[in-house]
Every structure is written in structure tokens, then in C-alpha cells.
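The values are calculated or read from the model by the stated rules, or taken from the named source; none is laboratory data. All of these numbers come straight from a predicted model, not from anything done at the bench. Every residue, glycine as well, gets a Cβ built from its backbone with ideal geometry; the counts of neighbours run over all protein chains shown. Keep in mind that these areas ignore ligands, DNA and RNA; they rest on the heavy atoms of the full protein, side chains included. Shrake-Rupley method; radii C 1.70, N 1.55, O 1.52, S 1.80 Å.
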Amino acid sequence: MADLPKDTDILVIGAGIAGLCSALYLARAGRTVAVVERGEPWGDASGANAGTLSLQVKRPEVLHITRRAIELWQDFKADFGIDVGFGRPGGLRVATNAREVDMLRHSQAEQRTLGIEVEWLDGNRLRDTAPWLGPTVLAATWCDWDSYSSPLQAGRALIDGARRDGVAVIGGAAVTAIAKETKGYRVTTALGVIACNTLVIAAGAWSGEVAAILGVTLPVSADVNMLSVTEPAPHLIDKVVTHIGGILSLKQYPNGTCLIGGGWQGQGGLASGRKEIDHEQLMHNFRVAIGVVPALANLRLVRSWSGFEGVAADALPLFGPLPGRPAAYVNACARGGYSQGPALGLLMAELISAGRTSLPMERFYPARFAS
Amino acid sequence: MIDTDLAIIGAGAAGLAAATEAVEHGLTVTIADDNPRAGGQYFRQPPLPFRRNGQSWFDKEATRANALFDVLGHPKVTHIPDAVVWNLPEPNVLAVAAGDRSTRVRAGAIVVATGAHDRPVPFPGWTLPGVITAGGAQNLLKGNRMVPGRRIVVAGNGPLLFVVGASLVRAGVDVAAIVEAAPVNARLTAALPGLLAAPKLLRQAIDYRWTLLRAGVPVRTGMTAVAAHGEENVNAVSIAPIDGEGRIDRNRIERVDCDALVVGFGLTPSVELMRLIGCDLDFHPARGGWLPRRSTGFETSVPGVFAAGDGAAIGGVEIALLEGRLAALEAAVRLGRARDASVRRAALTHKLARIDRFRRAIERLFAAPCHYLDLLADDTVVCRCEEVTAGELKMRGREAWTSMVQLKSTTRLAMGRCQGRNCMATLASLVAQSMGEPIAKLAYPRTRPPARPIALGDLLHEPIAPPELPADPHLPRGQKVT
Ligand SMILES: Cc1cc2nc3c(=O)[nH]c(=O)nc-3n(C[C@H](O)[C@H](O)[C@H](O)COP(=O)(O)OP(=O)(O)OC[C@H]3O[C@@H](n4cnc5c(N)ncnc54)[C@H](O)[C@@H]3O)c2cc1C
Ligand SMILES: Cc1cc2nc3c(=O)[nH]c(=O)nc-3n(C[C@H](O)[C@H](O)[C@H](O)COP(=O)(O)OP(=O)(O)OC[C@H]3O[C@@H](n4cnc5c(N)ncnc54)[C@H](O)[C@@H]3O)c2cc1C
């Protein structure tokens, strides 16, 4: 295991997608970066997540970030020699009743005004596109940006890739105290003290906790998302499937396993650290999934689990300088933050090394919560 | 939702004995088992419509078995066959997947009697067709009256090898050799006093040994299989002696021809459900590995959850029968319903103590003489689901060999459809060895439901209230209980 350096130019707290991507692009910008992680790198939300990179499910405010991110996901191999198990089969966002059809129409129109085109499918065209959809699906929008990557492969590849680019990625180094110095910060971790010029909080659902060490209040809570995987099956579901009601995410990986999620809530929370399966919520998740793709009923469930997804009170990313704390930044709590991770990492690197970003990001600055 | 006084998971020796005891105290019982017919491993029944005729050697236990099965007809007993208990969503609730009978069972107390499975030990060639486990061979014989080959080598470590060997002989198979790793002959004298504690069991053991002797089966002790050979199917096995220091002497390899290889390196308790609900476990290699920590009343660290039989600690059928009774008795006490508890407890405990002496003698006799990791070659597949080799593990290990959790996430090991049953033990040994830590100290990756794979469609049948849907899916969904 790597030792904790005495000092570094930039210190990132948290080795999930947000922290690792920030570190990777900062290293590319020529900066010296260390990432300290409380547990195993990639051990929380990013390691537990579904790997869906869907553009069309995102809130309008983050559509452009997500599109940029999917481009970066796609280019990881070319840019960094990193194989994240990326695939871009395109995706269907389904509606299963009249109200949902209206919602879908509304969303399609809204996305069009933002310059993102999704295609309306119903009737025979929908069945021809996806004969495996069940009769309850009345309509869907098709988005050719919708993709996936393998969280397992991506984690390993990003950690290896960051290390190759000189980033120190150190697990078992929970941050417990932060002291302001004349220049930069002195950060106490479980493995010792490290000094840095610049600090990036990328501690996911725990970013509120870490910011509190610096005396900054961030309104962060955590959802306990559940996810399930089936045994490998013959290839059938050849597109990423999502739901206008936000209650299903479904896809089949190249190895044949199907991943079923959709934000159904398990039991527990940040305070207790528990993240347990909720029986009835899980049943609902499967019922929605089987309603949309009936063939799933014949597959065997191998594992269900849950993880903490950090969310800010307004469900927008927490991105940018911490108010009143020079050279301290936060990059956390983007909804569907796995999809957006590479772009948010790149934008964070731009902000720190050039002082400006290639997409407008001010609205996501944590200062919006300062009263 | 079914409401019951006592829920029993597993209808093998321990589970059936528990049910028998429970109804004697007037408890209502729900017993779920994932086989079409009750019996578990030892009392396995052939599939319907076949019946035992009580005539063959394989039916010698028919009387005892039928007496046990009687309890399933008792008016207070509900038997759910073909039913996987896949989760304990609350410590007193079972989630049962059983096709259109899928349901939840809420119980006053639970007896976990889930039995054991073969301990997987990877070695070169172990994934070849024609190589099957000792337990699997017994199932084939008992459940289907089938034999895995015509000329068979039985190899590994533990008393089950002799049971399987004798059964195969009785079934008319040419058993080419029994290859037992432990030097049992050299240890016999020391074990004898303990063995004499249970004369009936000793007689049974002698019967197995005698069957092998009469058939002229070579019994090679102090030797281990080191590789299975063949292209489409196993056609030979290499065996080698183990010296006094536990080293495998690869200079003295012998080759034995065969068309099937039965391997058994002992059994491991099926503790998944207990792991799921966070029962404290301890590591006891002699009893099969990770075991639930139990009170003298067979209660796990989770109140109201009792564990009995091979699912709690490997001990064989006689111990399973007694523990099943005792666990149900203690559950009845807990529910305030027990009759004559102290008298019954004393009688059962007395018998158990005697058989326990026999068990300990058997354990010493068969204690593993070598480290099974020494059987691994770099290209040996450790994880069959994801085809991860020992070499690949060692390579990932050199980079960052810090925990099982990490290795699991960097290799996909234990994430396939076997849910780690085939590979987790090897992974633990490898990590422990390379870190110089005892296995007992390792942090295991969390066990997640289902305890066994289940068909998703089964879960459509349980009646539940319609869900509350999020008004705006982007906003925090809000936690339930914390
Ligand atoms: C079950 C599930 C499914 C999901 N599916 C999807 C999906 O399909 N698509 C999608 O885009 N998003 C999905 N998400 C959301 C996505 O996973 C998260 O938005 C994203 O992974 C967050 O990344 P992160 O780096 O901010 O947080 P994390 O990955 O949680 O990383 C934060 C890290 O900070 C560490 N840390 C915390 N406190 C400290 C401390 N004091 N010191 C040091 N380190 C600390 C933590 O240990 C952790 O490793 C899903 C989430 C879950 C839980
Ligand atoms: C494959 C195998 C074959 C064996 N053959 C012999 C033999 O021939 N002779 C001998 O002396 N010993 C044999 N043994 C040893 C055997 O374990 C004991 O002798 C005896 O069967 C132990 O009884 P038990 O009730 O503890 O467990 P078992 O008899 O194994 O009964 C446990 C039952 O629980 C069921 N179960 C487990 N988990 C679940 C779940 N989650 N949901 C629903 N049901 C579940 C199992 O399918 C099984 O029916 C065998 C062991 C194995 C693993």
C-alpha cells in the first residue's frame, strides 16, 4: 500500500468517481495530486452504482454537463489508455400510463429547447426497436447518447490510471481534522498529517460532514439506493432502459448479467451507517422491471445491495469554491453523479488551474446555500 | 404473510427433529426447504413418484426416516417444499421464494437448520467434466440412484469419503482407490477411546470400512490428489504422498486411471442467512470454517434465532438430530411454552455429550495434514463463475493485497452465480497467507441477499400494498428508518 506523502500541491478527499476524475485531470494539467480515502478506494457509491450513463434522464440544468461527460467516458481509452467497459447502445426512457406519456412529452419538448433531441417511439416503431418490451409500455423516447460503463472495471482502471499519472491514491486515510495555514491546509488523516496548497472535498454523501470540519454548512442528505443483479442470460436487452417516473434503470451487460435499479430506497442512513435492503421496496422494483421487460421473470436474482447517494437539498451538484475558505473546493452530490463524474472532474481541474470553466458552473457553487 | 410460533429453515435431520420437538410443546411450525421432498442430505428421498421399498442397503435408514417425516402430517405443521428462504428482512421474518406460493413468514422464534455444502478445494483439473464432489455423488446415488462413472477414484479428506466409497461399491462400481489425505491408520490408536463412546456409530464406520475391504478397494492414506487429467472428461488422477511436515512430495507422484473422480475435502456450514442478519461468527476449521457463535441453548447472537445441525457446525446426522430437538426445546422455553424442559434437556444433552466425544475423535483422526493452497498452480481456476485463476489473483495481490473486499472488487471473484460458495474460502486462505494474518482476523465482504439465487418471477406473487411513487424523482427520496 502507498504511504501518505508529507505534502502535496492538491489534496482530494474521497476516492470515488468525483475525486478520482478531479485528480486525473488535475494531474494532466501538471499538478501534484494526492487522494486520501477513508475506506477502500471506490468503496462507496461509485463502487456500488449501476453504471448507467443516461443523458435523457437528467435534469435540464445538468444536461450539458452530462453530455460532455459521456464524450469523456467514451474517450477514456484513447485519452488515458483506461478501459472502463464503456458501451453506447443508446437508451429508451419508457412511459407506462397516460400521465407518464404526458410527462415524457413535456420532457422531450423541454430537452429540445436545450438543443438535445430525443426521438419519440410508440406503437409498431417501438415494438420493432425493442420487441422485448412488455405490453404495459405505451411510449418511449430514444436517446442515442445513453450509455453505460462497468463500475467494477472503471474503478480499477481509474485508480490504476491515476497512479500511472503520478497521483497518490491512499486508502484507509479518513480525514479527521483540517487546519488552515498561512498558505493552504494541514490535513490530519488516519495515516498521519499531510499539508497541501489546495483542498478538494469529493467525499460524496459525507461531503457535508467533511465541510463541517472547516466550519462550512452544506445541506447534504443521502438516499439509500438499492440495486440488483441477475445471473448471466442470453443477450436480449440491447438498450439502456430508464423510466420517466425515475423508478427504473435497467440494462444487460456484455457478460449477460442484468442490472436492475431505479432509486428504490433501502433502509438505514448516514447517521447509523446502515444500508439494508427494504423487502417491499425491492419487490416494487422487480415488479416495475418485469412489467417493462417481462422476460426478466425467468432470470435468477444473484445479489441485491444498496449504497448511499449524496444529494444536496435542491438536488443540484455541489461544485465550486467553499465560501470564505480560500483554495478549498467541493465536488460532490451530483444526482446521477457517476454519469457526470468525468465532466465534473475536468471542470474542477479547469477551475483550479485556470480559474474558469468551459461550461457555466456558477449556479452550482455552494455559495448558493450561504444565508 | 404466514404467522407461526416456530419457523424452521431446512427440512433435513436437524429441521425435522426440531419440528418434532416443537409440536410436542404445542407450537405451530412452518418448515421451509428448497427440495421437492423433505429429508435434507442424509435422509434424502428419491423424487416422486419413486418410493423407498425398504429392501436395498440404501434404504437401511427407511424406518427412522419415515418416523421423522411423520411430523409433516401433523395439523400444527406447515411444510413449504421447493421453497428457498432467500432473506431474513427482519430478524423474525423469513422471505420465502416458492413460485406462486412465495410469501413471508413471521415467527416467534427461528431455527436455522440449513445443513452444509462441500468445501471446494481447487487443484489442477478440478473443473474437468467427470470430477464431482463427495456430497454430489451421494446425492446422485440417493436421490437418483445414479453413479457418476464405472471406475472411480474417491479422493480428499474426511469421513464422508469412506461413506461414498462404500456406497459406490454397493452400487456395483469399481472403486479404483480411496485417497485420504490424513494418516488415519497412524492416528487410530489415539482416537480409539473416543470412538468407543458411540459403539453404534463405530459399528457403522466399521461396516463402511469392511465393505471397502471385501471389495478389495485400495485405501491410500496420507496421500492427496494433486491433479486430474483428461481432455473431454477426466481419465486419470495423479496422487502424491504428504510427509510429516505437511509437504506434498511431488517426486513420488502416481497415476491412477479412472473415468470419474469424486473429491471431498470436508463440508462447510451454509451460514449465509446468519451472515445476512449479522449473527456473530467464529472461525473453527475443524467444524467446517465459519460458524455462528451459539449459547449453550443453541441461540445465535441474534435473539430468537437458533441454529442446529451441520448448518451450525459440522457434526453429522446424529448430532443434527439431537441439536434440532434441543434448539426447538429452547425456542419453546423462550416462547414460554415448553413442557418438562429440564428433564428433556438433561436427557438430550447427555446423549449429545456422548456422541460429541465420538465426533471429536473423528475430527482428530481426519484433521487436515497439509495446506490446500499448496495444490494450486498458477493456471488453476479459483473462481469458476468469472474464471479467475490463482495466478491472476496473485498478480492483483502483489499490487495491493490488503483485503478480501478489495480483491473481490478488482477481480469479480465471489460475484458470480455461485455467490462465493465455490471461491470465498480459497480467497480467504490466499489473503490470510499473503498478509500473514489468521483467517479469523479477515474482514469478509458483506453478504447480501438472496441467500441462494431465486427466480425474479417468484417475487411477483407475494401480496403487498402499492408503492408510493416519487412526485419528482430528482429530489431526495427521503430515507425511511435510520
Ligand atoms: C445503488 C446506486 C446506484 C446508482 N446508479 C447510478 C447510475 O446508474 N448512474 C449514475 O450516474 N449514478 C448512479 N448512482 C449515483 C452515483 O453512484 C453517485 O452519484 C456517484 O458515485 C458519487 O460519486 P462520489 O465520488 O461523489 O461519491 P463516492 O463514490 O461515495 O465517493 C466518496 C468517497 O469519499 C470517502 N470519504 C467520506 N468521508 C471521508 C473522509 N472523512 N475522509 C476520507 N474519505 C472520505 C468515502 O469513503 C467515499 O469513498 C447510484 C448510486 C447508488 C448508491
Ligand atoms: C451433499 C451432501 C451429501 C451428504 N451425504 C451424506 C451421507 O450420505 N451420509 C452422511 O452420513 N452424511 C452425509 N452428509 C452430511 C450431512 O450434512 C449430515 O449427515 C446431515 O444431513 C446433517 O443434517 P442437517 O439437518 O444438519 O442438514 P441437511 O440434511 O443438509 O438439511 C438441510 C436442509 O436445508 C435446506 N436448505 C439449506 N438452505 C436453505 C434455504 N436457504 N432455504 C430453504 N432450504 C434450505 C437444504 O437443501 C437441506 O434440505 C452429506 C452432506 C452433504 C452436503
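Here the Karplus relation 6.51 cos²θ - 1.76 cosθ + 1.60, evaluated at θ = phi - 60°, turns the backbone of segment B:125-138 into coupling constants of x, 5, 9, 5, x, x, 9, 10, 7, 4, x, x, 5, 4 Hz, with x for every Gly and Pro. Subtracting the Cα-Cα distance of A:Ala233 and A:Asp3 from their residue separation scaled by 0.36 nm leaves 78.5 nm. The value of relative contact order for segment B:193-309, using C-alpha pairs under 8 Å at least six residues apart, is 12 percent. In terms of its C-alpha gyration tensor, the protein assembly as shown has a prolate overall shape, because the principal axis ratio a/c (a ≥ b ≥ c, square roots of the eigenvalues) is not below 1.5 and a/b outweighs b/c.
With the Cα gyration tensor of segment B:120-265 giving a ≥ b ≥ c as the square roots of its eigenvalues, does the rule (a/c under 1.5 for rounded; else a/b larger than b/c for prolate; else oblate) give rounded, prolate or oblate? Here segment B:120-265 falls in the oblate category. Mean per-residue shielding of peptide A:273-279 is 5, counting Cβ atoms of other chains within 10 Å of each Cβ.
Rounded to the nearest whole Hz, the Karplus-based 3J(HN,Hα) values (6.51 cos²θ - 1.76 cosθ + 1.60, θ = phi - 60°) of segment B:314-328 follow the sequence 5, x, x, 5, 5, 5, 4, 4, 6, 5, x, 4, 5, 4, 5, with x at glycine and proline.
Database remark: amide H of A:Thr189 closer than 5 angstrom to the amide H of A:Thr176, A:Ile194 (H placed geometrically; neighbours at sequence offset of 5 or more, or on other chains; Pro and chain starts carry no H).
For chain B, the alpha carbon positions stretch 68, 58, 41 Å along the principal axes, listed from largest to smallest. Considering helices alone, the calculated mean residue ellipticity of chain B at 222 nm is -10000 deg cm²/dmol, with DSSP H runs of length four and up weighted by -39500 (n - 2.57) and normalised per residue. Note on B:Glu318: accessible area approximately 40 square angstrom, rounded to 10, probe 1.4 Å, nucleic acids and ligands left out. Across peptide A:152-159, the average count of Cβ atoms from other chains found within 10 Å of a residue's Cβ is 2.
Atom-type composition of the exposed protein surface of segment B:376-435 places 47 percent of the accessible area on carbon and sulfur (1.4 angstrom probe). Accessible area of B:Ile362 (1.4 Å probe, protein heavy atoms only, ligands and nucleic acids ignored): about 40 Å². Where Lys and Arg each count +1 and Asp and Glu each count -1, what net charge lies around B:Val71 among other residues with Cβ under 11 Å from its Cβ? Local charge sum for B:Val71: -2. In the frame of its principal axes, segment B:376-435 has Cα extents of 27, 23, 17 Å, reported largest first.
Solvent-accessible surface of protein heavy atoms, probed at 1.4 angstrom with all chains present, puts A:Ile17, B:Ile2 in the order B:Ile2, A:Ile17, largest first. In the complete set of protein chains, residue-level accessible area for B:Ile206 is approximately 100 Å², probe 1.4 angstrom.
Adding -39500 (n - 2.57) for every DSSP H run of four residues or longer, then dividing by how many residues chain A holds, sets the calculated 222 nm ellipticity at -9000 deg cm²/dmol. Residues B:Glu61, A:Glu181, B:Glu387, ordered by accessible area of protein heavy atoms at a 1.4 angstrom probe radius and largest first, appear as B:Glu387, A:Glu181, B:Glu61. Extension gain for B:Phe283 to B:Arg354 (0.36 nm times residue separation, less C-alpha to C-alpha distance): 23.2 nm. Taking all protein chains together and a 1.4 Å probe, the residues B:Glu245, B:Glu231, A:Glu40 rank B:Glu231, B:Glu245, A:Glu40 from largest to smallest accessible area.
Positive contributions from Lys and Arg (+1) and negative ones from Asp and Glu (-1), summed over other residues with Cβ under 13 Å from the Cβ of B:Phe366, come out at +4. The mean sequence distance of close C-alpha pairs (under 8 Å, at least 6 residues apart), as a share of the length of segment B:376-435, puts its relative contact order at 32 percent. Considering only alpha-carbon pairs that sit under 8 angstrom and 6 or more positions apart, the relative contact order computed for segment A:27-109 is 16 percent.
Remark: the protein assembly as shown carries 39 Å² of accessible area per residue (probe radius 1.4 Å; ligands, DNA and RNA excluded).
Which residues does a label at B:Asp82 reach in segment B:100-135, if reach means a backbone N under 12 Å from a point 7 Å past the Cα toward the Cβ? From segment B:100-135, the list is B:100-102. Beyond 25 Å in Cα-Cα separation lie the following of the pairs B:Lys142/B:Lys200; A:Lys251/A:Lys275; A:Lys58/A:Lys239; A:Lys275/B:Lys408; B:Lys76/B:Lys200: B:Lys76/B:Lys200. The lysines within cross-link reach of A:Lys183, meaning a Cα-to-Cα straight distance under 19 Å and a gap of 8 or more places when in the same chain, are A:Lys6. Near B:Trp290: Cβ cut-off under 15 Å, other residues only, Lys/Arg at +1 and Asp/Glu at -1. The net charge is +4. Summing both sides, how much accessible area is buried between B and A? Use a 1.4 Å probe and give Å² to the nearest 100. What B and A bury together is about 4600 Å². Applying a DSSP loop filter and a limit of 15 other Cβ atoms within 10 Å to the trypsin sites (Lys or Arg not before Pro) in segment B:306-414 leaves B:Arg339. Using the Karplus relation 6.51 cos²θ - 1.76 cosθ + 1.60 with θ = phi - 60°, the per-residue 3J(HN,Hα) values for segment B:233-243 come to 8, 5, 10, 6, 9, 8, 10, 9, x, 10, 7 Hz, with x marking Gly and Pro.
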